[in-house]
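Here, each number is a calculation from the coordinates, and none is a lab measurement. What you see is a predicted model, and the numbers here were worked out from it, not measured in a lab. Every residue, glycine as well, gets a Cβ built from its backbone with ideal geometry; the counts of neighbours run over all protein chains shown.
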Amino acid sequence: MSIEIKRSVKPVDYHKAIQLLEKRLEKIINNDAKELIWFLEHYEVYTAGTSFNKNDILDKSIEIIKTSRGGKISHHSPGQLVCYFVIDLNKRNKDIRKFIVTIENSIIETLKEFMIFASSDRKNIGIWVNHKNENKKVAAIGIRVKKWIAYHGFSININNNLNNFNKIIPCGLKNKKVISLKEISKINYSRFVKVLEKKLIKNFSV
């Protein structure tokens, strides 16, 4: 089966997005749907993965949505590109580590097309750029696997407001800062999505 590409123009409610992912997951488990890559943005929302720590919430007044993905606490808002997927690892040697590396490489290769040089970190999952002699996180990854189907995805800070990250310890990483691409270079959002889409399709190919 080929991979369906879905793009949402307007921000998508977080709960609705996860419901759609879970429905697609069940259909793929039953061999009743194509794999999916979905590009979207969310309205402002804080989400907590399965390994989150309450101490990572600095502002106790914010609402946190607990979710089934891996990882800790993150923040989504318009201007941040979210890429969700439902990908069958049964077709890809059931290798979760290799799948995560594939995601990392797809993001790194895309950034390189825009002359932004990034790297992954085995200890701190995600994508990092060195800006003004300091490593800062530009992309976060959080997935879950059920019956060897990988779902959830990753987010990339493009031109979103980062102030709300100050209310949490993003991804549980103390003394680590986040950054958006607009702080580094002028990025054409739609072109960025198109390049990333091509990289993912190529790298996800069986």
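Tabulated data for the structure shown
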item	result
Residue with peak Gaussian network fluctuation, the chain [Cα springs, cutoff 10 Å], from Leu111, Leu58, Leu36	Leu58
Set of lysines near Lys194 by C-alpha distance (under 21 Å), chain-local residues within fewer than 8 positions excluded	Lys6, Lys10, Lys34, Lys112, Lys182, Lys186, Lys202
Ile96, Ile125 arranged by Cβ crowding within 10 Å, fewest neighbours leading	Ile96, Ile125
Tail fraction, Cα-Cα pairs, the chain, threshold 30 Å, whole percent	16 percent
Neighbour cut-off at most 10 other Cβ (10 Å), DSSP loop, trypsin sites (Lys or Arg not before Pro), the range 108-154	Arg122, Lys123, Lys132
Kyte-Doolittle mean at least 0.0 and Cα axial length at least 18 Å: DSSP H helices in the chain	96-113
Sequence of Tyr151, Tyr43 once ranked by neighbouring C-beta atoms within 10 Å, starting from the fewest	Tyr43, Tyr151
Gaussian network model of the chain, springs between alpha carbon atoms under 10 Å - residue of Asn135, Asn31, Asn164 with greatest fluctuation	Asn31
Stretchable slack from Glu44 to Arg97, in nm (0.36 nm times residue separation minus alpha-carbon distance)	16.1 nm
Length released on extending from Arg191 to Lys16, taking residue separation times 0.36 nm less the Cα-Cα span	60.4 nm
Inter-centroid distance (Cα atoms) of the range 168-197 relative to the range 26-78, Å	17 Å
